[in-house]
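Please read the structure below before turning to the comments.
The values are calculated or read from the model by the stated rules, or taken from the named source; none is laboratory data. Source: prediction; values computed, not measured. Using ideal geometry, Cβ is built from the backbone for each residue, glycine included, and neighbour counts are taken over all protein chains shown.
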Amino acid sequence: MDKSKVTIGIFIVTVLVLVGFIFKGNKGIETGPSDSVRLSTNVGAVASPDIQSNYLRVGGVLTFYSHQDMNTATTTVCAMQSPAATSSVAFIGVDFVVSTTTATTIHIASASSAYATTTLLVPAQSIASGGKATYATTTPGTVIGPNTYVVVGMQGGVGRFSPTGTCSAQFKTAL
């Protein structure tokens, strides 16, 4: 056999081995059983529509979400805290599955404490005894301070305040 053919063969094998090491060292590609190549699964994407965080940042705008079940045996049925920055209230939603044993008035206000209703964010709403009701409002331009509460309160009437349902709020801030 010709020495030049052996030298060329050794050269080709060496190049192939080096190329193999280069591709194997690429962090975006992993090898599995029987050296099959697959993309890395650690890419930072969301695997379902359920997001565990209570906020999203899109283009420098933070949107915070709050959702909670109503408290029973109290006139303060929900208290949702805004983020630790001045924010605008984008949405407030209150869904009463069962209200109270008597007609009452619902107040949605902002306050520095979870147990007060200082500044009304929307006009007070009436709800019938034992009635179902949904209040959803967008409040464009309503700005609240850092760590301020959006409080849903009930007052008036005689009877027990034992509502069931949920409250939601959405806050937007630019950081």
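Within region 58-97, being more than 17 Å from THR148 (Cα to Cα) and touching a Leu at 6+ places or on another chain (Cβ under 8 Å) holds for one residue alone: GLY60.
State yes or no: is ALA84 outside any strand (DSSP E or B) and modelled with pLDDT of 90 or more?
Numbers: outside any strand (DSSP E or B): yes; modelled with pLDDT of 90 or more: yes.
Against the criterion (outside any strand (DSSP E or B) and modelled with pLDDT of 90 or more), ALA84 qualifies.
Can you tell me which residue among SER99, SER113, SER129, SER162 is modelled with pLDDT of 90 or more, over 29 Å from ASP50 (Cα atoms) and over 17 Å from the mean Cα position of the chain (by Cα)?
On the way: SER99 fails: modelled with pLDDT of 90 or more; SER129 fails: modelled with pLDDT of 90 or more; SER162 fails: modelled with pLDDT of 90 or more.
Every option except SER113 fails the conditions.
Residues checked against (1) crowded, with 16+ Cβ neighbours inside 10 Å; (2) within 26 Å of THR173 (Cα to Cα):
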residue: SER110; (1), (2): yes, yes
residue: SER113; (1), (2): no, yes
residue: ALA116; (1), (2): no, yes
residue: THR119; (1), (2): no, yes
residue: ILE127; (1), (2): yes, no
residue: GLY131; (1), (2): no, no
residue: THR138; (1), (2): no, yes
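For ASP50, state whether it is of a type in the set (Asp, Glu) and under 13 Å from the mean Cα position of the chain (by Cα). It is true that ASP50 is of a type in the set (Asp, Glu) and under 13 Å from the mean Cα position of the chain (by Cα).
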